[in-house]
1. Would you point out which residue out of A174, A138, A193, A123 is touching a Ser or Thr at 6+ places or on another chain (Cβ under 7 Å), at pLDDT 95 or above, farther than 20 Å from A480 by Cβ and not charged (D, E, K, R)?
2. Take the stretch 34-50 and flag every residue that is out of contact with any Leu (no Cβ under 9 Å at 6 or more places or on another chain) and surrounded by 20 or more Cβ atoms within 10 Å (Cβ to Cβ).
3. When you check A378 against the structure, is it away from the ligand (no atom under 15 Å from the Cβ), closer than 18 Å to S292 by Cβ and either outside any helix (DSSP H, G or I) or among the hydrophobic types (A, V, I, L, M, F, W, C) (or both), yes or no?
4. Run G140 past the list (1) open to solvent by 10 Å² or more (accessible area, probe 1.4 Å); (2) within 16 Å of the ligand (Cβ to nearest atom); (3) in contact with a strand residue (DSSP E or B) (Cβ under 6 Å, 6 or more places away or on another chain) and report the number of the one that doesn't hold.
5. Give, as residue ranges, the strands (runs of 3 or more DSSP E) completely inside the stretch 381-482 that count at least 1 residues that are within 15 Å of the ligand (Cβ to nearest atom).
6. Quick one: would you say K104 is among the basic types (K, R) and open to solvent by less than 20 Å² (accessible area, probe 1.4 Å)?
7. If E9 passes every condition in (1) at pLDDT below 95; (2) touching a strand residue (DSSP E or B) at 6+ places or on another chain (Cβ under 9 Å); (3) open to solvent by 60 Å² or more (accessible area, probe 1.4 Å); (4) not hydrophobic (A, V, I, L, M, F, W, C) but one, which one does it miss?
8. Collect the residues in the stretch 349-375 that are within 16 Å of the ligand (Cβ to nearest atom) and either open to solvent by 60 Å² or more (accessible area, probe 1.4 Å) or at positive phi (or both), keeping them in residue-number order.
Amino acid sequence: MPSEAKAAENFIEKPKTLAELRAEIAAGTTKAADLAAGYYDRIAQVNPRLNVYLSLTKERALAQAERVDALAAKGDPLPALAGIPVGIKDVLVMRGAPATAGSKILEGYRPPYDATAVEKLEAAGAVLLGKLNCDEFAMGSSTENSAYGPVRNPVDTERVPGGSSGGSAAAVAANLAVATLGSDTGGSIRQPASFCGVVGVLPTYGRVSRYGLIAFASSLDRVGPFAANVRDAATLLGVIAGHDPKDATSSAAPVEDYAAESDTPVEGLRIGVPDEYFGEGLDAEVRAAIESGIAALEAAGCVVKRVSLPHTRYAVPVYYLIATAEASANLARFDGVRYGYRSPASENLSAMYRHSRDEGFGAEVKRRILLGTYALSAGYYDAYYLKAQQVRRLLAEEYLRAFADVDAIVTPTSPMPAFKLGEKTGDPLAMYLADIYTVTASLAGICGVTVPCGTTKAGLPVGMQVLAAHLNEGTAFRVARAVETAQI
Ligand code: GLN
């Protein structure tokens, strides 16, 4: 019967909060080792259907859980994430574990070191369960570009979880981890979080070290957390943020207590609503949900103002020029020699390079390398790449001007809820255009949080994007928390 089939396909389950789990672990009523084992059982049950995890790091996770249990048994103070099961997007490296970036070209590659964000999580007591599926080299908006098959949305398995961090979002939504890490270059944390009904954080560029993140577009790439609620996401950001001598672009600004900030009431905050994010192409149900969210902020004492960000209309082309240009340079290192896959059809050196790249990269990655190489080539550089950089600056300045008048800006995270698997795979341009609301903050370097803000009639989650100025994550968390509390 169809109704039974539908019920059997519901994988949504809310994890306990960090506060609940920490209290249980500290009291000894929950052992971190049992908690981890329970998560591995659920993964064994559910993962074959959702395809969220690409590999598991069981040995390391269980050793860490035992360390946490030993600390708890002694009654020692526990670090912030003691015993918390966390999943890692497979673009962040973990020592000795497969790191595929969703690509065949990295098959068999096992990096000899940990990404800084991974190291920090573990130092804070987190139990790292495994590596999460994503679009190949984080290029995509649906996780359908993974060489290891698509992730299914736990809310509706006929739909995409968003992308590129689809595995990271789906893992939290289906309680296959309490929290996860993802990466966001043009929306890859925010959009999947909104499609799966969880919280996702875009930290300010430089707030979290990129050391150990497999690069897509270095001037845009960010590492950030996913969690089931705003406070937990804020706690995770506090753990992974901070200066790292191994990443020259990481910020030396002090790390705030984001969790405490998220508890601060929003009364008196000025909230900007940009006209350009509510025009043509916005799904009517998404619009209605976001408008309810804005009304809730007003009811909580915020002052809502209209703002204008007219360069928004250039954002998608500018993003796809800059991101592909940087990707074409970053991906030059995959040559069949240094990492992963080498084509067996290698009669000489240049054929080996050619075949390895041809067989190792998927269609979307090749499309981007071609576009990026073209944009950077002599004669076109000024017309495309340079022009895109100039418009990027205008976009950033426009945001800074807006933030002189408002404390945060709220928008829909995506113009539509989760779409069907296969719906956009034949039309790369339609897929790119769906990034319209997320690429602007990426280009400007500012921060943001996406928070669940109602659902459509069919039960699909809608996400509200809360943007704030550079290093103002605390404000974004406060506003997101107010929306969460209002239960739209
Ligand atoms: N969807 C965008 C793209 O395909 C963003 C991806 C990302 O943020 N990694 O480039």
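The values are calculated or read from the model by the stated rules, or taken from the named source; none is laboratory data. Source: prediction; values computed, not measured. As a convention, Cβ positions derive from the backbone with ideal geometry for all residues, glycine included, and neighbour counts pool all protein chains shown. Note: accessible area is taken over every heavy atom of the protein model, side chains too, but ligands, DNA and RNA are not part of it. Shrake-Rupley method; radii C 1.70, N 1.55, O 1.52, S 1.80 Å.
1. That would be A138, the only listed residue that is touching a Ser or Thr at 6+ places or on another chain (Cβ under 7 Å), at pLDDT 95 or above, farther than 20 Å from A480 by Cβ and not charged (D, E, K, R).
2. none
3. no
4. (3)
5. Once the strands (runs of 3 or more DSSP E) in the stretch 381-482 are filtered for at least 1 residues that are within 15 Å of the ligand (Cβ to nearest atom), what remains is 447-455, 461-468.
6. no
7. Exception for E9: condition (3).
8. A363, K366, R367, L370, L371 - these are the residues of the stretch 349-375 that are within 16 Å of the ligand (Cβ to nearest atom) and either open to solvent by 60 Å² or more (accessible area, probe 1.4 Å) or at positive phi (or both).
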